[in-house]
Amino acid sequence: MAAPAADIASYKEVILFLATAGIVVPLATRLRISPVLGFIGAGALLGPYGLGRFAPELPWLTWVTIPNRGEVSHLAELGVVFLLFTIGIELSWDRLRVLRRLVFGLGAAQVATCALAIGGIGMLLGITPVAAVLSGLALALSSTAIVVPVLAAQKRLGSPTGRATFAVLLFQDLAVAPILFTIAALGAPDDGGLAWNLVLALGQAAVALAVIVVLGRLAMRPLFHMVAQTRSSELFLAASFLMVIVAALLAAASGMSMALGAFVAGLLLAETEYRRAIEAVVDPFKGLLLGVFFLSVGMGLDVTALLDAPVTIVLAAGGLLLVKAVLTWGLARLFRLPGRVGVEMALLLAPGGEFAFVLVGAALGVQLLPQEVAQPLLLITTVTMILIPPLARVARPLSRRIAPETPAVNLPNPPAEPGRVVIAGFGRVGQLIADMLKRHGVPYLAIDSNPALVFAQREAGQPVYYGDTSSPLFLRTCGLDTARALVVTLDVPSASQAVVETVRAWRPDLTIVARARDARHAAELYRLGVTDAVPETIEASLQLSEALLVDIGIAMGPVIASIHERRDEFRRALRGEPAGEAAPPEGAPRRAGEFRARRSAGKR
């Protein structure tokens, strides 16, 4: 019996999306715009309000357009679920504690004042109170997906502006989950009045969240511990997806949004040793699913409405930028931030953000927003998001002209700890190094692929995370972009060489100290660009020689001097340098002491 022919049309949406992603991302990179805007633009072009409206007259267009937005709605919803999950897993109590004044003070004030102002303007324009409040909340939020990458590209996330902006965006991300819950409660059938609906929704939510938290604490860590022992990246990915989907479905079954359940699951996993490994395996899929979400957002945009009333939309977008910028600047000054920081923050946070599409979509789904209000909101948000990169470019020079020079406020450092050391491999060698770093007050983060060891060290209070040190994406999640140094203590030569080669490719300035098996291994590590390699055989011989010479009565001073001299000779030989000079390998930084000495001399 012949196999049934494949229904090619049923795969059209997936093929079209993948093709769109293959075009949009490289094109956006070349044009130096955010892929987010690229996906929104592609959705508007290919959706029912774009080329899709001509599909009935030109049937061939059905193969390159999506006339019905609902065809990708489930994939788009998964994109929002994973967005909230990653926000939860990237969140930590340390981060909230360090930035608590800016997050819960400035962030809360910014969202509340902007929402009230925008909602008040909406009511003056004749919108119903509920629609006005929801419109204010939606437009008060800013774009984490665009602002953070823009600041990262400018290498300013660690600046006062970057830290303050990040704190406000963090509160906005936190605020999305309760806003979504409130929308679901307000949209429930009006059986016993609004108060009863809220009480009932709160009760259902409390039970559902309790189930998610209890099941999560009982099942998550043991499950990932068993999966990690298999050392299968595919199984680890499957377990990560399972936890997200189960939490999302439990929330949906209780009447909450799937995104809220995924957010709670992320919070639970953020406190485990598997947090960074999960971030690494989920991140590529999150990007694809978010692409589907933004594609669906573009499909919901009726560009003809912009063409019908361009002046109105542009004036409304300008008004939104003005209102949010003025309020944000005033709040920044109220919280005693420098004038320049306030101006830059105001320009970065004034445009709308991606969560406006989420909130407007949720409100449309439960009929709390009429279409004639929702469509202009989406257009205004899109227009202002397009302006984020140019606003970021003019923010710094404009802030210097507008705001006078003021003393810097001591903003708390973000918890990424740019000055910390990353230890790859946390066996006996790595633990001794960590102990010495702790004694000298140097922050560190350790990673290891042995789940039993990681579990034991986490129980002992050590900042250790499970993960594959050979994965570039995982190494990035461990903060190597801002790390002070990397110590490689892995006992497998090929593994340590792979880590060095990967890290040196994107951090040519990073200090890398590596453990080597023998002289040949050390020479290979130097060739790959380590700052220093410590061969076990040579170092053991030098230590034995030192102990012997001192024990037989040779003065310790000359012995130590000769040992250091011999060590330098070995280092020069392993680097392949002339006997009289010890220059670092090409592309690698000098040893820390030499670098500091030269820098100090240059300053003098």
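List of remarks:
- Peptide ranges 41-47, 285-291, 78-84 listed from the most packed, as the mean C-beta count within 10 angstrom indicates: 78-84, 41-47, 285-291
- Taking label points 7 Å from Cα along the Cα-to-Cβ direction, Val214 and Val311 give a separation of 6.3 nm.
- Shown here for region 107-163: trypsin sites (Lys or Arg not before Pro) in loop regions (DSSP other than H, G, I, E, B) with at most 14 other Cβ atoms within 10 Å, namely Lys155.
- Sequence-ordered 3J(HN,Hα) estimates for region 438-444 from the Karplus curve with 6.51, -1.76 and 1.60 and θ = phi - 60° stand at 5, 5, 9, x, 9, x, 8 Hz, glycine and proline given as x.
- Sequentially through region 547-552, phi angles give Karplus couplings (6.51, -1.76, 1.60; θ = phi - 60°) of 4, 4, 4, 5, 5, 8 Hz, Gly and Pro residues having no value and appearing as x.
- Considering all different alpha carbon pairs of region 11-63, the Kirkwood hydrodynamic radius works out to 11.8 Å.
- Calculated from backbone phi, Karplus (6.51, -1.76, 1.60) coupling profile of region 208-213 in Hz, x at Gly/Pro: 4, 5, 4, 5, 4, 5
- Summarised in one figure, the compactness ratio Rg/Rh of region 75-402, Cα atoms and Kirkwood Rh, is 0.97.
- Cα point-scatterer Debye curve for region 421-603, base-10 log of I(q)/I(0) at q = 0.08, 0.19 Å⁻¹: -0.28, -1.34
- Residues whose amide H comes within less than 5 Å of that of Ile423, counting only those at least five positions distant or on another chain, are Leu445, Ala446, Ile447, Val487 (H built at 1.01 Å from N in the peptide plane).
- Peptides 165-172, 54-61 ranked from most to least packed give 165-172, 54-61, packing being the mean of other C-beta atoms within 10 angstrom over each peptide's residues.
- Label-point gap, in nm, between Glu565 and Ala112 - each point 7 angstrom along Cα→Cβ: 7.2 nm
Quick note: the coordinates plus some simple rules give every number you see, no bench work behind them. As the structure is a computational prediction, the values presented were derived from the model and not from experiment. Note that we place each Cβ from the backbone using ideal geometry, even for glycine, and neighbour counts take in every protein chain shown.
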